[in-house]
Each structure stands twice: as structure tokens, then as C-alpha cells.
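S.K.: Supplied in C-alpha cells, the structure appears directly below.
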Amino acid sequence: MDRDRLVAVEEVKSIKGIDYPADVGFRSLLITGPPGAGKTTRVETLGGWPGEVFLDLTRRNWWRDRTLTMRPREVHLGLPFVGHAEGLALFEEPQRETDHFVFEAQRLQLPPPRRRFNPVDWRRKFVLEFLLPPAEEVLAVREKRAVAQTHTVDEALFLEQIRHQLEVYFKVAGLLDHAGLRVLVRTGFNAPPRVFRDDSAPGTMAFPADRVGGRRLFERAVGRLLGSRPDTAIQHLDSLRLNGEGITMSPAVLPVELRQGGLRLQVHRDRTILPVLDEIDTLVIVNSAEVGKGIHGQARVPRGARFRMTYGTGSRKTSLPMSAAERPRVEVANTKDGVMVTDLHSERGTQVVALEGGAAGLLEDQIEANLERVWEALGRSLEPAAPGDVRRRLGRVNESLARGHGRVRATDGEPGAIVELPPEIVPVIVGDLHANIDNLLKILCSNGFLESVQAGSAALIFLGDAVHSEKTSRLAEMDSSLLIMDLILRLMEACPDRVLYLRGNHDTFSSQLTKEGVPQGSLWRKRMEEVWGLETRREFEHFYSLCPVLAASHDFVACHAGPPQGSVSRHKLINLREHPDLEHQLTWGRVRGPGRPAGYAKSDVRALMSALGLAKKATMIVSHNPTRDGESVWLRAGGIKRHHVVYSAGDRELAVFTRLGRWLRPLVYRSEPLLEALRSAPSGLP
């Protein structure tokens, strides 16, 4: 072998204790070499896929072989030799010292060169690592294996034969490198990686010429649509600029900031309140200019999904509003190989910058500030309050509700059933919680919700049914209902007129309220009297009677269940106590669908909007209606535009609706077991 054609790699990194070029990805490695070169040991050290693969380089499209999707992996090369139609492995040579196969380089098949219409650069997809130790050392290894009788290829050994095999593999490595494939060579069992010099002579070769020409306009159009998709994940990044191309980064590189013009977008791993639950399967994209300045939007990109901001996305987990003028031309994909960022041929390109210091910890800093804020707002305790404290707190809340801030008075002089919010107040609408205290805490600790409510710029709106677990094993358990209502009352006392509770069908002590045969209404009454006393239970009945049923502003209306069916007027809605049938529909109704032919429909939603004087583009947000597949958001529920269902009691995820830009949009968060974690922390903080 002409080792002078090889040069050392300048920048290396360690992968499982083995040096590799700094830009080589773990999942791109294919380990090859003649028998006895140490391929199996190398793959086992890397923790790669077991089992060797035969890769016939004379076969067309060998680079698409499915076995190559699982890497790092050991491969035996099938090579072209005179007199043999198919590629053969070198260990198939005659077992005689003077007999060698004659190598035919011109029959090697090569991956096609990169085309703009092809999202995969096959010539750079793999890194072929050739292990080519000195022949004498290989012979010693194979002689030892022959004694142990572990490998049949070691039955007849000749030093000259091993030298020939090494020479053939070295020649193949040089040819593939000259053709543009990524090749590494190691000239010893523990030798550092080396590459061919740029001016290294390729040797005798006669590859078929690459085809050129074709439909240039078609290639350009499809290329702009797909962009460039490299497959080797970058492990380290400071800053780089993309111009109509893409990169794949290891999740360890995050967070990064994507810069196009004046717009700055941050890409983070999904952040959880509890550090032990941090995951890398979901990415979160936020606008740098919004974080830490009130309520901000986000785009959640689960594993296997992509977020193309130029054309928007159909994912209901995406709420990152941008005007047409500032919307970037960039795509972020969350793949099994890493985080893929592609510049979609923007005017000035996309700069990708690794975030460090304070910028990298913006979301973490917000979480810490929110934890302290929640702790103070809840009176620095997550334990159930004493009966006397609850009674006094409930009395103050009822006094505030009786003043009827934002509510038109009914004909009897009491506050009407509608609470109206000024246009500048941002709603944060929470769906059914059903005694899920963890999810209540997650909402309070997330985004800028509580901060904005305390500042008076937002209103926290509960759509009722905060009580009564829906888990089959806990239908009769009421202590969690006591605690969650106590926490909500603390918020209503601390932020009067900015924390609103709309009445739902479970907000009652009626014996008629049952769930799967469990009399939850009666059990609720009984447990409250046992723990907090009869007087507090009566004060709660007064609380339910004072709670509004609808919340509205210029662009939305929200209630627990759905609109009344048929004609309705603003006067009737304000005086809902005089129309119990309407109140029942607003708290019990369900959208029309399979199995519910009597449910409300699009015309009923429009009638309610009209009665409230809202525009056709206003949004209606409800809960109560079951979502599909356990998800927390049902957009366009019942096929009705701008009519959405939000559910906040899920074990896997929860959601709220809020105003982002011009529209009400959902924000989805991962559920976490926060109650016990916060209780057990020394200061109440994790």
C-alpha cells in the first residue's frame, strides 16, 4: 500500500473512545476491510448493529440496500473480478498461495452525483472506514483464530495472499474516495483515522461517465421544494450560514437560533418543569423577541414531524403566528438522525447560531421565575387549607363576584351570566381539569400566563368542571376536588376580575349528577361537609350561583359545553337564571356527530355569535365534548369553522387557548407529576 497517499485528520473527536474526524456522525459509519482486520471488534466497541452485511459493489443501487439503514455496521465488500459476473468477497479466493483474483475497477457501481431534485446525497451519506493493518499483524490474528477454529476462512493462510487482499481494499478505498464518497483509512489496529490527499492519484480506473443534462427547470423547481438534506449529524456548532441548503445537527447542539433578516427563532428541546423529565423527542420553536415578554407562541415538532414556516403547517400543536412579511423561508425537521434545518432559498440565507449564556437559558429562566410566582400566588402551600381559611377565602371571592365586574346586571339586579372582557385583555382559556392538580400547576408554571394575569394584561378563564376525576378508579375520590378548588379560589382571591370560573355541569351538589353509576354530585356534597363543614358547602352553592356561564370579547365566546339550540337573544343570555333550559344546554350540550344526532350544529354556533354581536370570524371555545384519541385539542369540532374544543385534564398532554396575533390559538404542553414534586421539595421548588 502506498501510505504516502494518506494524510492525518486535523480535527478529531472521540466516539466511544475511538478518534474520528470532527464532522463524522456516529450513524453514518460502515466498517469494512479484509478478513482479520478487526471489523467485528470495532463495531462491538462502537455499540453498532450486530451481524455482518455482504455489500456487492457491482450491483446497481447497492447504496439503497435496507440493511444499511442500521449503522454503524460491519460490511464485507463484494468486488468485481475477471471471469466472475457477480461481486465476490476476497475470502472466496482460491486457498493457494499463487492464485489471486484479478480486480476489474471499471465494473464498480457508484451512487449518482447530487441532483437538486434528489434530497439525498448518496455519495456523502455513508462514511466507509477501511481497516487495513499491516499484513504481518493480520496474519498473527488469523493464525490465532485458526487454532481456536472460530473462522472457516482461516483454514489456509499465506502472507502473500493477505498482502494482496489489503492492496485490493486499499485500491477500492482510493477509487471510492476519488469518486466523491467519504472514506477513512486506518493502517493499524489502533491507528488514527487518515484520509486521501486531495492530489492523490486515483490509479487506473474507467468508471461510467455521470449523466448530465435533462430537465433543468423541473430540477430547479423540485429542488427548491425539497431543499438539501444532509444525513451526517453535526456534533459541534458555533455559527454557519445556509444558502438553499440544509444541515443535520445532533440534539446536543441545541438550543440554536435561526436568523433571517431581523427575525430570530430559537429551537429548543421540549422543556419540562421537572428536569428529570426533559426529553429530546419533541422540539419547541419560539420567537426570540417574545420570550420573557408576556405570553408567547410556540411550534412543537414531535419526532418524525417537520415544521415548514414558509407554507405553514397543519399540526394543531403549532401556534407561532407571523405576518406574511416576516415569515421565514426555513424548515425544521425532527428526524431520527437529528435536528434538520433547511434554508428554503431565502433571499439572504439562514444563519444558524449556537446559543450560550443567558440567551440559551431564556426558557429555563422563565420556568424558575414562574415557579416562584406560583408559590407566592398559592400562599406558599399546596396542602388543603383549614375549614375556617377556606370559608373566609370563599366569602371574599363571593363578594367580588357579587360586584359583577365586567358583567351586565340581570333584571333582578344580580350580575348577569355573561362576563365581557375588553379587547386588550388576552384570554387564557383552560378546559376541563377534572381534579388534575398536576395540570393546573403546569399551566401556572408555563409561558407567561400567570405573570400576565398578575400584571392585568390577561385573564385566566376556567371553563368549569375543575372537580371530579374522570379516571375509572378514582370516580368516587373527592379530596383532589377539594384541593383543586381551594387552589383556584386562592388565585381568584389574589387576582379578582382576572381569574374567572365559568360554571360547568359538574359544578353542582345535585344527586342527579352521576358518572358510570357513581353519584359524584352527592359524594361531592358529603365530602365537602365532612372536611370543610356545612356552612362552607352552602357558601359554595352561592359561589356556583354567582359564577358566569359565558365569557366573551370582540373575537371570541367561551362556555363549558356549547351554544343553545334554536333562537337565542342577548337579553336571555344575561338573564339565564330565568331560562334554565338555556343554561342546561350551555353546560350540558354536545356537538352533533355520529351517535348524537340531537347535538348542536353550525347554525346554533352562528346564532349565539349573532346574539352577542360578534363578527362571523369570531371563535367559539368549549370543553365538555370528548376529544379524539386522548388529545387535548379538537380543532373545527363537528366540522364547524372557528369552533374548537380544549381539554386540560389529560395524563399525557394538556392545552389552553389564548390570543396570539389576531387569532385564538392552542398551546399544548406535556403533563408532569408536579404536585408531589413541589410538595416534597424543601422550599416548595424543585
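Just so it is clear, none of the values below were taken in a lab; they were calculated from the coordinates. This is a predicted model, so every value here is computed, not measured. Neighbour counts run over all protein chains shown; Cβ positions are idealised from the backbone, glycine included.
S.K.: Can you sort 337, 581, 604, 65 by how many other beta carbons sit within 10 Å, fewest first? Before the final figure, lay out the partial values.
M.R.: Details: 337 19, 581 11, 604 23, 65 14.
Fewest-to-most ranking of 337, 581, 604, 65: 581, 65, 337, 604.
S.K.: Oh, and also: Against the empirical 2.2 N^0.38 Å scaling, what ratio does the C-alpha Rg of the chain come to? Walk me through the numbers before you get to the answer.
M.R.: Working: Rg = 33.5 Å, N = 686, 2.2 N^0.38 = 26.3 Å.
Relative to the 2.2 N^0.38 Å estimate, the chain comes out at 1.27.
S.K.: How much net charge surrounds residue 583 when only other residues with a Cβ under 12 Å from its Cβ are counted (Lys, Arg +1; Asp, Glu -1)? Kindly include the intermediate steps, with their values, before the conclusion.
M.R.: Details: positive: 503, 572, 577; negative: 507, 578, 581.
Neighbourhood net charge equals 0.
S.K.: In debye, nearest 20, what is the charge dipole magnitude of the stretch 478-518 about its Cα centre with +1 on Lys and Arg Cβ and -1 on Asp and Glu Cβ, if you could check?
M.R.: Details: 4 positive and 6 negative charges, 22 e Å.
Charge dipole of the stretch 478-518: 100 debye, to the nearest 20.
S.K.: Mind jotting down a quarter of the surface of the convex hull over the alpha carbons of the stretch 470-625, in square nanometres, one decimal?
M.R.: The orientation-averaged projected area of the Cα hull of the stretch 470-625 comes to 10.4 nm².
S.K.: If you take the beta carbon distance between residue 542 and residue 380 as r and set R0 to 35 Å, what does 1/(1 + (r/R0)^6) give as a FRET efficiency, to the nearest 0.05? Before the final figure, lay out each step's value.
M.R.: Working: r = 28 Å, r/R0 = 0.80.
Efficiency at R0 = 35 Å is approximately 0.80.
S.K.: Arranged from highest to lowest average of other beta-carbon atoms within 10 Å per residue, in what order do the peptides 71-79, 263-271 appear? Before the final figure, lay out the partial values.
M.R.: Working: 71-79: 22.4, 263-271: 20.4.
So the peptides 71-79, 263-271, ranked by packing, come out 71-79, 263-271.
S.K.: Take the alpha carbon atoms of the stretch 606-648, find their center, do the same for the stretch 325-396, and report the distance between the two centers in whole angstrom.
M.R.: A separation of 26 Å, based on Cα centres.
S.K.: Around residue 433, what is the net charge, scoring Lys/Arg as +1 and Asp/Glu as -1 over all other residues with Cβ under 11 Å from its Cβ? Mind showing how you got there, number by number?
M.R.: Numbers: positive: 442; negative: 432, 438, 465, 470.
Value of the local net charge: -3.
S.K.: Taking the Cβ of each residue in 169, 544 as the centre, tally the other Cβ atoms inside 10 Å and list the residues starting with the fewest. Mind dumping the intermediate values first?
M.R.: Details: 169 22, 544 14.
Starting with the residue having the fewest Cβ neighbours, the order is 544, 169.
S.K.: How much FRET efficiency would the formula 1/(1 + (r/R0)^6) give for residue 412 and residue 531, where r is the Cβ-Cβ distance and R0 is 25 Å, rounded to 0.05?
M.R.: Details: r = 33 Å, r/R0 = 1.32.
Rounded to the nearest 0.05, the efficiency is 0.15.
S.K.: In the stretch 13-81, with Lys and Arg counted as +1 and Asp and Glu as -1 at Cβ, which of these residues, 81, 51, 69, has the Cα nearest the positive end of the dipole, that is, farthest along it?
M.R.: 69
S.K.: Determine the sum of side-chain charges near residue 400: Lys and Arg each +1, Asp and Glu each -1, restricted to other residues whose C-beta is under 15 angstrom from that of residue 400.
M.R.: Net charge around residue 400: +2.
S.K.: Also, I was wondering about something else. From the backbone phi of the stretch 131-146, what are the Karplus-calculated ³J(HN,Hα) couplings (6.51 cos²θ - 1.76 cosθ + 1.60, θ = phi - 60°) in whole Hz, Gly and Pro given as x?
M.R.: 9, 10, x, x, 4, 4, 6, 5, 4, 4, 5, 6, 5, 5, 5, 5
S.K.: I need the calculated FRET efficiency for the pair residue 143 and residue 44, taking r as the beta carbon distance and R₀ as 25 Å, to the nearest 0.05. Write down the numbers at each step before the final one.
M.R.: Working: r = 21 Å, r/R0 = 0.86.
Calculated value: 0.70.
S.K.: Okay, next question. Neighbour counts of other C-beta atoms within 10 Å: give me 15, 418, 621, 429 arranged from fewest to most. Each step should come with its number before you reach the end.
M.R.: Details: 15 17, 418 21, 621 24, 429 28.
So the residues, fewest neighbours to most, are 15, 418, 621, 429.
S.K.: Kindly provide the trypsin sites (Lys or Arg not before Pro) of the stretch 338-384 that DSSP labels as loop, not H, G, I, E or B, and whose Cβ sees at most 13 other Cβ atoms within 10 Å. Write out the running numbers ahead of the final one.
M.R.: Numbers: sites: 348, 373, 380; in loops: 348, 380.
Those that pass, being in a loop and sparsely packed, are 348, 380.
S.K.: Additional query: Give the relative contact order (percent, whole number) for the chain; include only Cα pairs under 8 Å separated by 6+ residues.
M.R.: Details: 1400 pairs, mean separation 67.4, N = 686.
Relative contact order of the chain: 10 percent.
S.K.: With +1 on the Cβ of every Lys and Arg and -1 on the Cβ of every Asp and Glu, and nothing else charged, how large is the dipole of the chain about its Cα centre, in debye rounded to the nearest 20? Please list the in-between numbers first.
M.R.: Details: 93 positive and 86 negative charges, 561 e Å.
With only Lys, Arg, Asp and Glu charged at Cβ, the dipole is about 2700 debye.
S.K.: From the P(r) of the stretch 364-680, can you give the percent of Cα pairs sitting at distances over 30 Å?
M.R.: Numbers: 13838 of 50086 pairs.
Considering the stretch 364-680, 28 percent of its Cα-Cα pairs are separated by more than 30 Å.
S.K.: Continuing with this model, one more query. Need the full-extension length gain, residue 606 to residue 641, defined as separation in residues times 0.36 nm minus the C-alpha distance. One decimal, nm. Don't skip to the answer; put the middle values down first.
M.R.: Working: separation 35, 0.36 × 35 = 12.60 nm, distance 1.03 nm.
Net length gain for the segment: 11.6 nm.
S.K.: If I model a spin label at residue 596 and residue 160 as a point 7 Å from the Cα along the Cα→Cβ vector, what separation in nanometres do I get?
M.R.: Here the answer is 8.6 nm between the modelled labels.
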